[in-house]
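Peer 1: Handing you this structure, nothing more for now.
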Amino acid sequence: MSRLGTLGARLYNGEVGYDFVAKRKLWYGISILITITAIVGLAVRGLNMGIEFEGGAVFTTPKTTASVSHAQEAATEASGHEAIVQKLGNGSLRIQVAELDTQQADRVKQELADDLKVPAEKINAELVGPSWGAQIANKAWTGLAVFMILVVLYLAIAFEWRMALAALIALIHDLTITVGVYSLVGFEVTPGTVIGLLTILGYSLYDTVVVFDGLKEGARGITKQSRWTYSEIANRSLNATLVRSINTTVVALLPVAGLLFIGGGVLGAGMLNDISLSLFVGLAAGAYSSIFIATPLVADFKERDPQMKALKKRVLAKRAKSDAADAEGDDGTETPEDAVPAGAVVGQRKAGRTARKRS
């Protein structure tokens, strides 16, 4: 078995682990900082909304030797509005200009043909009305709202309201970061972007539900024992799925990275950027939130419950009693109940009676 496979098996069995839940304040701080940066970027720069949402005209030229800068300058001068120009893989140009009606689009098309030295009849012009764009935007927001409501209802029924709330916060966290990156980078927001956002929300939710399912099983009958606190059970469940989460995220990111950096960057297929950026950022943010946000939040919410407070008090009291017995000198044997709690750092030796006896 490979090293990663061995580590995964040991994580799953609870033999080793990393205490994600105990360091939750650090993860919360990092997430808050990233989220504030995304919100500030969104407030200052806004989003570069595509023609589908704002309305306007899209001109697609045949293969031409004209540069992007020259075409952008010509389109801006002809229309009186800022133009967005993309070089397509076959040497043609895609020119977007907002706020054009039919007559203006015909005039701009003719002027572009003259400036770019291409036949006017070879330029394909598509006109999108602002009312249609507004309808698309409203439907996108409605779809997102319905998705969020259904997610919360499902998780509340399948698990409990605390898990539903934690998952909702994690999803909003992923959305905010992805939208903030779009604002900072300046990529165009299109219907493809919306599809990408819904896709990554589904992926993030799947990752979170896998951890929650393990946590639900692990926490069954938790108040009948005094070995682990709820936070430690949560951390154990998180470590059990850690390698799987990392593997699936890396495998999912590789083809998306190919779309974004090779397809959009190297090959010049700029239309791939609208969906590939949302997928790339969203998949990374979704994996992060599943590990560092959703599960620690559930532990925080549950630890406020009176039963969990009482359990934690019993567990800590039992450990204090065990430590006192160790200090007085015991026979050095270690029972399964004395095993290191879930969440020990990977590679750390068990801090039991044997270790204290050596000192």
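FYI, it's all coordinate maths here, none of it is from the lab. Since this is a predicted model, take the numbers as computed values, not measurements. Here Cβ is always computed from backbone atoms with ideal geometry, including for glycine, and neighbour counts include all displayed protein chains.
Peer 1: For Phe261 and Gln307 in the same chain, what is the full-extension length gain: residue separation times 0.36 nm, less their Cα-Cα distance, in nm?
Peer 2: 11.5 nm
Peer 1: Testing the spin-label approximation: label points 7 Å from Cα along Cα→Cβ at Leu184 and Asp106. State their distance in nm.
Peer 2: 4.7 nm
Peer 1: Calculated FRET efficiency, Arg244 and Ala134, Cβ-Cβ r, R0 45 Å, to nearest 0.05?
Peer 2: With R0 = 45 Å, the Cβ-Cβ based efficiency is 0.60.
Peer 1: Please report how far the C-alpha centroid of region 39-53 lies from that of region 157-171, rounded to the nearest whole angstrom.
Peer 2: The two parts, judged by their Cα centres, are 29 Å apart.
Peer 1: Taking the convex hull of the alpha carbon atoms in region 37-109, what volume per residue do you get, in Å³?
Peer 2: 115 Å³
Peer 1: Consider just the alpha-carbon atoms of region 92-227 and return their Rg together with their Dmax, both in angstrom.
Peer 2: When restricted to Cα atoms, region 92-227 yields Rg and Dmax of 23.7, 82 Å.
Peer 1: Zone of Glu82 (label point 7 Å along Cα→Cβ, backbone N under 13 Å): which residues in region 36-56?
Peer 2: 44-50
Peer 1: In straight Cα distance, which lysines are under 18 Å from Lys23, not counting same-chain residues fewer than 8 positions off?
Peer 2: List returned: Lys302, Lys312.
Peer 1: Say R0 is 41 Å: what FRET efficiency, to the nearest 0.05, do Leu33 and Thr65 get from their beta-carbon distance?
Peer 2: Details: r = 47 Å, r/R0 = 1.14.
It comes to 0.30.
Peer 1: Then there is this: What length, rounded to one decimal in nm, is gained on full extension from Leu127 through to Tyr206, with 0.36 nm per residue of separation minus their alpha-carbon distance?
Peer 2: That works out to 24.6 nm of additional length.
Peer 1: If you don't mind, another one. State, as an integer percentage, the relative contact order of region 174-240 based on alpha-carbon contacts under 8 Å between residues 6 or more apart.
Peer 2: Worked out over region 174-240, it gives 28 percent.
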